[in-house]
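The values are calculated or read from the model by the stated rules, or taken from the named source; none is laboratory data. Owing to the predicted nature of the structure, the values given are computational and were not obtained by experimental measurement. Using ideal geometry, Cβ is built from the backbone for each residue, glycine included, and neighbour counts are taken over all protein chains shown. Each accessible area value is taken on the protein alone, full model and side chains, heavy atoms only, with ligands, DNA and RNA left out. Shrake-Rupley method; radii C 1.70, N 1.55, O 1.52, S 1.80 Å.
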Amino acid sequence: MARRNDHTREELVSMTLEQVKNFLDEHPHHELSLRKVAAMIGYVPSTLVNVFGNYNLLLLHAVAQTLDELFAEAEAQMQDVSSPEDALRKLAYCYLDFASQHPHRWQLIFQHTMQGEELPEWQSERIDSMTGMLETLIRQITPQKSDEEILEASRVLWAGVHGITLLTVDDKLFTSTPVDGKALIDNLINTYLNAWRA
């Protein structure tokens, strides 16, 4: 076993999150435990508790890392768009693609709970950045709408895209012929925006 002073706190955080990320590339998070993570990096579980506070916060750091990657990919997609509608579509595709490529990491974002603890500000800021990107696009498409209407529309669209993504990733669309998740997203966005503008 490595000793606590073999690595700095920053190195331990980095090593731990890298191992969790690698594990989630192949397995769901419920197969992971504090003991398993500690063994992966050659430390005892109490060291990870000292570094992260508890196992729940360790997983929250893994969620934060995933959100950072998703946000970076979304920002990259926004660099080459022809209109806010095009940007909205690319953002939704990015969400679906990311979840399809990293299903276990993506699922952890939504299955992780704070178990009574307050969500740290550093995580709230990440969530606000993601939802803010969507709200900005909706505002560009319909600038005459109120803040409350824009907030509601952004959540309706996100909920729809999330549902399509979830059912696509879990292969639970229950169709006899293959259905393309992106075609469903197009249908959702086109139908909703046409009604929204009317």
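Please determine whether any residue of the range 82-97 is open to solvent by 60 Å² or more (accessible area, probe 1.4 Å), in a helix (DSSP H, G or I) and either closer than 19 Å to E135 by Cβ or aliphatic (A, V, I, L, M) (or both). No, the range 82-97 has no match at all. On the stretch given as the range 1-26, residues that are open to solvent by 70 Å² or more (accessible area, probe 1.4 Å) and either closer than 23 Å to T113 by Cβ or in contact (Cβ under 8 Å) with a residue 12 or more places away in the chain (or both) total 5.
Residue check: Y43 meets all listed conditions (1) surrounded by 13 or more Cβ atoms within 10 Å (Cβ to Cβ); (2) assigned to a helix (DSSP H, G or I) but one, namely (2). Against the condition under 27 Å from L157 (Cα atoms) and free of Cβ contacts under 8 Å to residues at least 40 places away in the same chain, how does E69 come out, does it pass? So E69 fits the description; yes. Of everything listed in (1) open to solvent by 70 Å² or more (accessible area, probe 1.4 Å); (2) in a loop (DSSP other than H, G, I, E, B), the single unmet condition for E75 is (2).
Going through the range 98-127 one residue at a time, which ones are assigned to a helix (DSSP H, G or I), surrounded by 15 or more Cβ atoms within 10 Å (Cβ to Cβ) and of a type outside the set (D, E, K, R)? Of everything in the range 98-127, those that are assigned to a helix (DSSP H, G or I), surrounded by 15 or more Cβ atoms within 10 Å (Cβ to Cβ) and of a type outside the set (D, E, K, R) turn out to be F98, A99, P103, H104, W106, Q107, L108, I109, Q123.
Looking only at residues in the range 128-163 that are of a type in the set (S, T, N, Q) and outside any helix (DSSP H, G or I), which one is most open to solvent (accessible area, probe 1.4 Å)? Top of the filtered list is Q144.
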